[in-house]
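Here is the structure we will look at.
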Amino acid sequence: GAGVSQTPSNKVTEKGKYVELRCDPISGHTALYWYRQSLGQGPEFLIYFQGTGAADDSGLPNDRFFAVRPEGSVSTLKIQRTERGDSAVYLCASRPGPTSTEQYFGPGTRLTVT
Amino acid sequence: GIQVEQSPPDLILQEGANSTLRCNFSDSVNNLQWFHQNPWGQLINLFYIPSGTKQNGRLSATTVATERYSLLYISSSQTTDSGVYFCAVPGLMNRDDKIIFGKGTRLHILP
C-alpha cells in the first residue's frame, strides 16, 4: 500500500516568510511524528500526535514552530518568520497505533531559507 | 536523556566485502530500530530488534539489551547498500512517543 507522503519535496523561501509542510500518513495509522534532520546528523524529534492531539511537542525549538492534525490524519507543520537556521530536511513518520512500535518515514521536505 | 553512539562514523568498502556496524546506547531500552537512509534521503526500515538476532537476506542484526548495544551485519556488500545507517531507540523507557537517533554510519561501497 501507499507509504507516508510529504509535500512539497523541496521548498525554498526567504528569511522571514511563513511556510507550511504537509504530511499524509499511512492510512489507518493513528500516531504521527515530525522530525528535523540537519546535514550530517540523525533525525531529531519535533512533535508527536496520537489522533488529533499533540501528545508530546517537547522537541519544537521555539514558538515559531507549530503543527496541527485536525482530523487525525493529515498533518501540517507550520513555521513562522523563517530563519536561515531552519534550513533542514523535515521528516514525517507514522505508526499504526499504541501497541505498535515501528515508525515508517516519508521522503521528507527539504526546506531552504535564503 | 538517552545517548546513542554509532561506530564507525564512516566506512568505505569494496563491493563484496562484509561489514559490522555498531550502536551503543546509554540506558535500558525496550525496542531498537535500524534504518537505512538511501542517497535520496528516504529512511527505510531494516529491523525492529529489541533483543536477539534477526536476519533478512544479506543483512542481520543482533541486540544485546543487557549490555546496551546492537550490531548490524552486512554481508557481500553491493553498491546499493551505500548510504547512512541509523539506529534509533525510544526517548523514554517503555514509551514510544519519540525515538532518538544516533548520528549514523555513512557506508560507501565501491564497485
Of all residues in segment A:35-60, how many are out of contact with any Pro (no Cβ under 6 Å at 6 or more places or on another chain) and within 17 Å of A:Thr112 (Cα to Cα)? 6
Restricting to segment A:6-35, and then to whatever is among the acidic types (Asp, Glu) and part of a strand (DSSP E or B), can you tell me which residue is surrounded by the most Cβ atoms within 10 Å (Cβ to Cβ)? A:Asp24
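Give me the strands (runs of 3 or more DSSP E) completely within segment B:26-83, filtered to those with at least 1 residues that are over 18 Å from A:Tyr35 (Cβ atoms), ordered by residue number. Walk me through it before giving the result.
Values: elements: B:33-37, B:43-48, B:52-56, B:59-64, B:69-74.
In segment B:26-83, B:43-48, B:52-56, B:59-64, B:69-74 are the strands (runs of 3 or more DSSP E) which contain 1 or more residues that are over 18 Å from A:Tyr35 (Cβ atoms).
With B:Val89, B:Val64, B:Val84, B:Val4 as the choices, which residue is open to solvent by less than 70 Å² (accessible area, probe 1.4 Å), at the interface with another protein chain (Cβ under 10 Å from one of its Cβ atoms), farther than 24 Å from A:Ser9 by Cβ and among the β-branched types (Val, Ile, Thr)? Talk me through it step by step, then tell me what you get.
On the way: B:Val89 fails: at the interface with another protein chain (Cβ under 10 Å from one of its Cβ atoms); B:Val64 fails: at the interface with another protein chain (Cβ under 10 Å from one of its Cβ atoms); B:Val84 fails: farther than 24 Å from A:Ser9 by Cβ.
Result: B:Val4 is the single residue among B:Val89, B:Val64, B:Val84, B:Val4 that is open to solvent by less than 70 Å² (accessible area, probe 1.4 Å), at the interface with another protein chain (Cβ under 10 Å from one of its Cβ atoms), farther than 24 Å from A:Ser9 by Cβ and among the β-branched types (Val, Ile, Thr).
Could you check, for segment B:42-55, whether at least one of its residues is touching a His at 6+ places or on another chain (Cβ under 7 Å) and either exposed (fewer than 14 other Cβ atoms within 10 Å of the Cβ) or within 27 Å of A:Arg110 (Cβ to Cβ) (or both)?
Yes, segment B:42-55 contains a residue that is touching a His at 6+ places or on another chain (Cβ under 7 Å) and either exposed (fewer than 14 other Cβ atoms within 10 Å of the Cβ) or within 27 Å of A:Arg110 (Cβ to Cβ) (or both).
The values are calculated or read from the model by the stated rules, or taken from the named source; none is laboratory data. The structure displayed is predicted, hence computed values, not measured ones. No Cβ is skipped: glycine too gets one built from the backbone with ideal geometry, and neighbour counts run over all protein chains shown. These area figures cover heavy atoms from the full protein model, side chains too; ligands, DNA and RNA do not enter into them. Shrake-Rupley method; radii C 1.70, N 1.55, O 1.52, S 1.80 Å.
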